[in-house]
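> Let me give you the structure first, and then I'll get to my questions.
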């Protein structure tokens, strides 16, 4: 079990040694602390900090149930196992109901080692699931807070133009509290009178098609504050389908008091650091149905029984059995009859239903005995079943269903056999719970992975909202870089990472003043130096985010060149990571192929000529060869870089 297990024993000295000896025989490495008195037990829970408690039911000065109650209050995460003389069935059930993880009779100490392993594994799984739930909740909360912490106003408007989301910055910008603006038509409240009709007409077009004059672009318009004052704002509108209806996501910046220098970087860092660090659980789980069928087959083929089947309680209609798996003689025939009889009488009248309802083992020694009256008895007898046992599938105090085993002989299930079969049922219940826990973990991992992808796309959208001349640039570079990496035969995970890095490679441009980014003509040397800081700024923004790929390094190095002539650090050759070398080729190709307001795209041949001229000196030769192959094959044409290909939601 790895490091020594800390075992707190509530036991007399004479009975503690056999328990310790049994643990050693089971191969358990442990350190034990034995107590008998209440005050010593309470102190040991804190000072000794046990991994598990093994407790007698009755001691001269203390009792196990009281100790269990104390443990549940002081150290609820520590599993509590009763190891005691034989107790009645009702008492054992009460122990489990009160929170005990298991009960091992002292006359069956050979079960102690497996029981401890099972209990500790259950506790570990519960802790993993609890942590996953906490991480998911924290992640979702961080994503919610992200918008509220943004310095720009963010509003979401439905297809009727009504406000459905309003962040804190929007309240600061416009003066309306979220509850005050919610449900109101945005243009009726914020648009100056002279612009109101034009805004409504544009929104009507958006409502029908998800497109419009402002969608996918950054524009400057006038807006009204709550006090009636008019002020200029920069608005970036994106369209998204939510539940089959177009919604507009507007990012609004007050242009009257903006600060595009150091404050922007500081806000962006705080904004991005609130993103959750996504952890994907790489757990491969078996299928639950296949497990049930396999267990039933083993019971019949290896155990020599006539039939084994597993039933779950059905919620609709309540009280009815739902057979989940079966194997054996006349299995289909019996279950067909069972569906009729159980449907009429309900599970409460059958031993199978009672096993689930009461969480107790039900035994039928002779199906011919008319004194044993349950709805499907004649049907079971007709199918050749002469005795049966129904074992509840219990884990962590929850009854998941019942394992039902039939024999062709009467009196097949004596006490010893029932104990063994009950262990089998416990193992099956644990397996079912484990598979479900793994599935929940996998679902959480998928949600987190989707959140990671959405976060990167949101970053790209945020960057391009400030630079209308290169709208869609990140997505196009991402698509081309992805294709180049595939053409180079890189591993799938590396290909995905290259695309994600390419989609936000110019993240640092969020720090560049908009008047420089949006200038259509030539820029001066000082402005060029400012622009060339964007790889370092982007690197600073994301370096503390735990991406599964070297995104921060890709951003920092995508303008480096093989001969050391690039920036910001004049790296050369293998000092530049392969991912950044691929993005550099895709970035240059996209820039040459795309149209700009101040010049047309230069076409395929010009792009190929430029890349080949720099192959081996400026650009990675393999990346260049792959890009040229894609261009010559026609997979990427000038039309691939047209504005209508930019928006991920299909709007211009």
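> Taking a virtual spin label 7 Å from the Cα of residue 302 along the C-beta vector, which residues in the range 17-55 bring their backbone nitrogen under 20 Å of it?
none
> Using only Cα atoms, locate the centre of the range 285-311 and the centre of the range 46-104, then give the distance between them in Å, rounded to an integer.
One Cα centre to the other: 33 Å.
> How many nm is it between the label spots at residue 417 and residue 24, if each spot is 7 Å from the Cα in line with the beta carbon?
Taking the simple label geometry, residue 417 and residue 24 are separated by 3.8 nm.
> So between residue 4 and residue 96, what do we pick up on full extension, going 0.36 nm a residue minus the alpha carbon distance?
Gain on extension, residue 4 to residue 96, equals 30.5 nm.
> Please state the shape class of the range 5-128: rounded when a/c is under 1.5, otherwise prolate if a/b exceeds b/c and oblate if not, all from the C-alpha gyration tensor.
rounded
> State whether the range 2-64 is rounded, prolate or oblate according to the following rule on the C-alpha gyration tensor (a ≥ b ≥ c being the square roots of its eigenvalues): a/c under 1.5 gives rounded; otherwise a/b larger than b/c gives prolate, and the remaining case gives oblate.
oblate
> Once both labels are modelled 7 Å past Cα along the beta-carbon direction, what's the residue 324-residue 42 spacing in nm?
4.3 nm
> Using a Förster distance of 60 angstrom, determine the FRET efficiency expected from the C-beta separation of residue 201 and residue 575, and round it to 0.05.
So the FRET efficiency works out to roughly 0.60.
> Taking the Cα centroid of the range 224-240 and of the range 530-596, what is the distance between the two, rounded to the nearest whole Å?
That distance is 35 Å.
> Give me the number: length gained by fully extending residue 381 to residue 117, i.e. 0.36 nm times residue separation minus the C-alpha to C-alpha distance, one decimal in nm.
Length difference between fully extended and current span is 91.0 nm.
> Under the 0.36 nm per residue contour assumption, what length would be gained going from the current alpha-carbon distance of residue 85 and residue 229 to full extension?
43.6 nm
> Sorted by average packing, counted as other Cβ atoms within 10 angstrom per residue and highest first, what order do 388-395, 327-334, 41-48, 410-417 take?
388-395, 327-334, 41-48, 410-417
> Residues in the range 383-397 near a label at residue 369, defined as backbone nitrogen under 17 Å from the 7 Å Cα→Cβ point?
385-391, by backbone N distance to the label point.
> Could you check the spin-label model distance between residue 131 and residue 107? Points 7 Å from the Cα along Cα→Cβ, value in nm.
Taking the two extended label points, one gets 4.2 nm.
> Now a separate question. Which order do peptides 220-233, 550-563, 91-104 fall in by mean Cβ count within 10 Å, highest first?
Working: 220-233: 13.6, 550-563: 22.9, 91-104: 17.9.
Result, highest mean first: 550-563, 91-104, 220-233.
> Which peptide among 178-186, 574-582 comes first, and what is the full order, when sorted by highest mean count of other Cβ atoms within 10 Å?
In descending order of packing, they fall as 574-582, 178-186.
Readers should treat all values here as calculations from the given coordinates under stated rules, not as data from a laboratory. What you see is a predicted model, and the numbers here were worked out from it, not measured in a lab. Every residue, glycine among them, receives a Cβ derived from its backbone with ideal geometry; neighbour counts consider all protein chains shown.
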